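Notes for the one structure printed next.
Laboratory data are not the source of any read-out in this text; all were calculated from the coordinates shown. What you see is a predicted model; the values in this text were computed from it and never measured. Every residue, glycine among them, receives a Cβ derived from its backbone with ideal geometry; neighbour counts consider all protein chains shown.
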Amino acid sequence: MKIPKEIRTYCPRCRKHTVHTVSIYKKGKESAMSWGARRHKERKKGYGGQKYPELKRPAKTTKKVTLKLKCKECGMISMREGVRLKKAEVVK
């Protein structure tokens, strides 16, 4: 699906509809030394394997695309959960 580069939508900081620039949100790299990652590593250690069953076959074939909207007036960034898409691209 083609998503426009600019959308006119509501900005909670300006409290009115303004032009927003659109980009697709991407998750950052997970920290290997975070508490959850350390705990998961510890629980996987030794005999017994995973602490929960490994997923053999994924149930969903697509992911929900999250849009990152940046207000052109105040610069506030807000997220908007999109629909399930095979492919999403931001176009002019």
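Can you list the chymotrypsin sites (Phe, Trp or Tyr not before Pro) in segment 1-75 that are in a DSSP coil and have 16 or fewer other beta carbons within 10 angstrom? Intermediate values should be presented prior to the final figure.
Values: sites: 10, 25, 35, 47; in loops: 25, 47.
Answer by residue number: 25, 47.
What's the exposure ranking of 69, 55, 85, going from fewest to most Cβ atoms within 10 Å? Provide the component values of the computation, followed by the final result.
On the way: 69 20, 55 7, 85 13.
With the fewest neighbours first, 69, 55, 85 line up as 55, 85, 69.
Suppose the chain between residue 39 and residue 89 were pulled fully straight at 0.36 nm per residue; how much longer would it get relative to their current alpha carbon spacing?
Gain in length upon complete extension: 14.3 nm.
How about segment 1-35: which trypsin sites (Lys or Arg not before Pro) there lie in a loop by DSSP and see at most 15 other Cβ atoms within 10 Å? It would help to have the intermediate numbers written out before the result.
Working: sites: 2, 5, 8, 13, 15, 16, 26, 27, 29; in loops: 5, 13, 15, 26, 27, 29.
The qualifying sites are 5, 13, 15, 26, 27, 29.
For segment 1-43, what is the charge dipole size about the Cα centre, in debye to the nearest 20, if Lys and Arg each add +1 at the Cβ and Asp and Glu each add -1 at the Cβ? Don't skip to the end; give the middle numbers.
Values: 13 positive and 3 negative charges, 11 e Å.
That gives a dipole near 60 debye.
Would you mind working out the magnitude of the charge dipole of segment 1-78 relative to its Cα centre, with +1 at each Lys and Arg C-beta and -1 at each Asp and Glu C-beta, to the nearest 20 Debye? Write down the numbers at each step before the final one.
Working: 24 positive and 5 negative charges, 38 e Å.
Approximately 180 debye in magnitude.
In nm, give the distance between the simple-model label positions of residue 74 and residue 3, each being 7 Å from the Cα along the Cα-to-Cβ direction.
Label at residue 74, label at residue 3, 2.2 nm between them.
So for the pair residue 25, residue 10, with labels modelled 7 Å out along Cα→Cβ, what separation do we get in nm?
Each label point lies 7 Å from its Cα, and together they span 1.8 nm.
Which lysines does residue 72 reach when only Cα atoms under 30 Å apart count, and residues fewer than 8 places away in its own chain are ignored?
Candidates past the 8-residue exclusion: 2, 5, 16, 26, 27, 29, 63, 64, 86, 87, 92.
In degrees, nearest 10, range 0 to 90: what is the angle between the Cα axis of helix 35-44 and the longest Cα principal axis of the chain?
The answer is roughly 30 degrees.
Write out the GluC sites (Glu not before Pro) in segment 1-55 meeting two conditions: DSSP loop, and at most 11 other Cβ atoms within 10 Å of their Cβ.
On the way: sites: 6, 30, 42, 54; in loops: 30, 54.
Listed in order of number, the matching sites are 30, 54.
In percent, what relative contact order does the chain have, based on Cα pairs under 8 Å that are 6 or more apart in sequence? Before the final figure, lay out each step's value.
On the way: 127 pairs, mean separation 35.6, N = 92.
Worked out over the chain, it gives 39 percent.
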